[in-house]
Amino acid sequence: MQTPIKNSIQDGNCVSLLKQMIPAGSVIDTFLFYSGAIDYNLASHDRFVRAHTTNYYIDEFWKCMRTNARKVHNIVTSEVFRFNEEEFPLLQEKWPMQKDPFIRAALFFLLNRCSETGMISSGELNMTNFNPVALNYLRAFKEPKNFYLKHHQNESVAEVIEKYRTSEIVFIPGGNFSYNFFEEGKNKAYESTTFKHAEIHNALKQRTNRWVINYKQHPQLRDMYKDFNIVMIDKYGNKTTIEKNCKEVLIANY
């Protein structure tokens, strides 16, 4: 299924290979939930997915979508939601201050689709992805039956993953690898989730249950995860053995 939310980092390009690694009928715990591009696809193809987020606004958006996606669509397409270019930065700054959760959800979608980066609170204005196709994904959204989203308050991603150390299979969409240097004290976007890559690596390497983590290609990953299986993926979502063609990787402990 298609998600209404754009995510340029976790775009679901690895799904075909991921489904080869995770057989139908599996129970999967996924973390760092955002757009659902991968999670919803797995749930729509005979996997049971328990997704997890530590971010209030991400959880709220999907609650609104689950409750009444048509209402979110109607707000987004209403006359009062029209804006000019000069207003865009103010919308990015003030959207969480709206009192109505459905208004916040509508702004979440609007800003995501109009932001060049796919973030809600940042990114230059680019209207390319705010189009009839995206609006149809929004209006027609229906959560898969095999999917469940849980919000964890006041916990880090690592703490939540630790809770599920006996899961059948764990999947983490790591996105862009980072050393997390100089991040302490930085202001975080309302919709962002802090993800300490070395901390997650240390947690995963001690686990005995099956896990898979997906990253955009980065040279540090080959050394960090040298004891595990690394599948290189090209820009078309196909497995490759040629490193210069590698755009992302799937890393697994099985």
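Miscellaneous remarks
- Of the set (1) open to solvent by 90 Å² or more (accessible area, probe 1.4 Å); (2) more than 23 Å from ILE5 (Cα to Cα), all apply to THR240 but (1).
- When the residues of the range 197-235 are filtered to those that are surrounded by 14 or more Cβ atoms within 10 Å (Cβ to Cβ) and charged (D, E, K, R), the one that is nearest to VAL160 (Cα to Cα) is GLU199.
- Residue among SER16, SER26 that alone is among the hydroxyl-bearing types (Ser, Thr, Tyr) and surrounded by fewer than 16 Cβ atoms within 10 Å (Cβ to Cβ): SER16
- For the range 184-193, filtered to residues that are open to solvent by 70 Å² or more (accessible area, probe 1.4 Å) and not basic (Lys, Arg), the residue that is modelled with the lowest pLDDT is GLY185.
- Among the helices (runs of 4 or more DSSP H) confined to the range 120-223, the ones with at least 2 residues that are closer than 24 Å to ARG47 by Cα and in contact (Cβ under 8 Å) with a residue 60 or more places away in the chain are located at 132-139, 157-163.
- Tallying residues that are farther than 20 Å from ASN7 by Cβ and not in a strand (DSSP E or B) within the range 224-237 yields 5.
- Check on MET127, open to solvent by 60 Å² or more (accessible area, probe 1.4 Å), among the aliphatic types (A, V, I, L, M) and more than 16 Å from LYS6 (Cα to Cα): no
- Among residues that are assigned to a helix (DSSP H, G or I), touching a residue at least 40 places away in the same chain (Cβ under 8 Å) and at negative phi, ASN7 is not included.
- The set of residues from the range 75-117 being under 24 Å from ASN176 (Cβ atoms), touching a helix residue (DSSP H, G or I) at 6+ places or on another chain (Cβ under 9 Å) and not in a helix (DSSP H, G or I) comprises SER115, GLU116.
- Residue within the range 39-52 that is within 22 Å of ASN131 (Cβ to Cβ) and buried (at least 20 other Cβ atoms within 10 Å of the Cβ) present: yes
The values are calculated or read from the model by the stated rules, or taken from the named source; none is laboratory data. The structure presented is a predicted model; accordingly, all values stated were derived computationally and were not measured. Glycine also receives a Cβ, built like all others from the backbone with ideal geometry; neighbour counts cover every protein chain displayed. Please note that ligands, DNA and RNA were not included when accessible areas were found on the heavy atoms of the full protein model with its side chains. Shrake-Rupley method; radii C 1.70, N 1.55, O 1.52, S 1.80 Å.
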